[in-house]
Amino acid sequence: MAMLLLALAFTISAHGQNWMTNGLVAHYPMHGDVTDVSGHGMHGRIMGTPMMVTNRFGEPGHGIAFAGGMDAIMLTNLNVNMVTNSQNTVCLWMRWDGGVNGSTNPVAMPFGWGNTNQNYCLLFQQEGNGRFGFSGGMADVYGTDYGPMLSNHWVQVAAVFNNGNMMNSGLYINGQRMTGSMTVGGMPMGMGMMVQRSAHPMAFLGGFGGQGSVPYQFFGAMSDVRIYNRALTAEEITALFGMEAAPSLRMMAGSTAGTANLEFSSMMMGWQFQMQSSSDLTHWTNYSDMFMPTPGTMVRTVNSGGPHMFWRLQASP
């Protein structure tokens, strides 16, 4: 019986990726270091002793883990948008460990603008039922409950920071926009009372030593951080999540002899996909027609006999 191996590949047109570099200030894959690969030279500076760990794909050394204390990555001279009421976007993959270290550290900060005196950040807050969202460093959080931020697994967070009223910001988790509400110390806060700014060329990843007596630390891992000096659209954020999450593929035995079922999920809506087969991983032949994904999981039945030993999926927007 022939062995059936699967290879997943993507062909993405340059035109289709223009939006990914439009306004891109810095990109930190965190593959063994904190080098900026955007071409702008905005390399990060490691503080404390964060550790290299596996990323969401299980690749060793392709993520950085923070354990509180002084663990952080400092970013300086960022070319962000400084105009009042303009917006900047931060996208990152994060695996939070679920804790905020008890009463001695009631908050956990994966990302923050500015320094210890000018803090506008993404924050986990222990008050009330637990919150995650934007904060101005005054026990305030404009965001959502912990519910969609289940701990100890990788999620993508995209935050559109507003240079003005914090409640004009936008929070997305795994490509989906979250409904925001404001709390201060677990109590509701009146609309429009907090005015914050993301217009600061300095930022921190993974927390920092503290603001006053409150340490804004982070316990967890992070990878693939992108910073934009514009607001990404909801469609762009969903597309970025789909591209960075990557489609998943599973092979199962078919219902008849000589066939196999290829099960695809997390595919980019609006794209076209083409399955290809090969007997030598060098010469590839289109298999069946191109197809468009539908919401949820798709199953394609293929012939697993003869030369169809290797499979790949090509996609284009």
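So the values come out like this:
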item	result
Criterion: outside the structural domain of residue 201 (by TED's automatic domain parsing) and among the polar types (S, T, N, Q) - qualifying residue of 55, 18	18
Residue identified as at pLDDT below 95 and either within 19 Å of the chain's Cα centre (by Cα) or loosely packed, with under 15 Cβ neighbours inside 10 Å (or both) among 10, 66	66
Among (1) hydroxyl-bearing (Ser, Thr, Tyr); (2) at pLDDT 90 or above; (3) over 22 Å from residue 97 (Cα atoms) - the single one residue 223 does not satisfy	(3)
Among the candidates 279, 304, 288, residue that is modelled with pLDDT of 80 or more and either within 22 Å of residue 255 (Cα to Cα) or not hydroxyl-bearing (Ser, Thr, Tyr) (or both)	288
Any hit, the stretch 193-206, residues being modelled with pLDDT of 75 or more, touching a Ser or Thr at 6+ places or on another chain (Cβ under 9 Å), under 17 Å from residue 89 (Cα atoms) and surrounded by 21 or more Cβ atoms within 10 Å (Cβ to Cβ)	yes
Options 249, 232: the member that is under 28 Å from the mean Cα position of the chain (by Cα) and at pLDDT 75 or above	232
Residue check for residue 73: surrounded by 20 or more Cβ atoms within 10 Å (Cβ to Cβ), touching a strand residue (DSSP E or B) at 6+ places or on another chain (Cβ under 8 Å) and assigned to a strand (DSSP E or B)	yes
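Listed here are the residues, each with its yes/no results for (1) at pLDDT 80 or above; (2) under 30 Å from residue 22 (Cβ atoms); (3) under 21 Å from the mean Cα position of the chain (by Cα); (4) of a type in the set (S, T, N, Q).
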{"residue": "79", "(1), (2), (3), (4)": "yes, yes, yes, yes"}
{"residue": "84", "(1), (2), (3), (4)": "yes, yes, no, yes"}
{"residue": "99", "(1), (2), (3), (4)": "no, no, yes, no"}
{"residue": "109", "(1), (2), (3), (4)": "yes, yes, yes, no"}
{"residue": "116", "(1), (2), (3), (4)": "no, no, no, yes"}
{"residue": "137", "(1), (2), (3), (4)": "no, no, no, no"}
{"residue": "144", "(1), (2), (3), (4)": "yes, yes, yes, yes"}
{"residue": "149", "(1), (2), (3), (4)": "no, yes, yes, no"}
{"residue": "157", "(1), (2), (3), (4)": "yes, yes, yes, no"}
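The values are calculated or read from the model by the stated rules, or taken from the named source; none is laboratory data. Note that the coordinates shown come from a computational prediction; the quantities given were computed from them, not determined experimentally. Note that each Cβ is placed from the backbone with ideal geometry, even for glycine, and that neighbours are counted across all protein chains shown.
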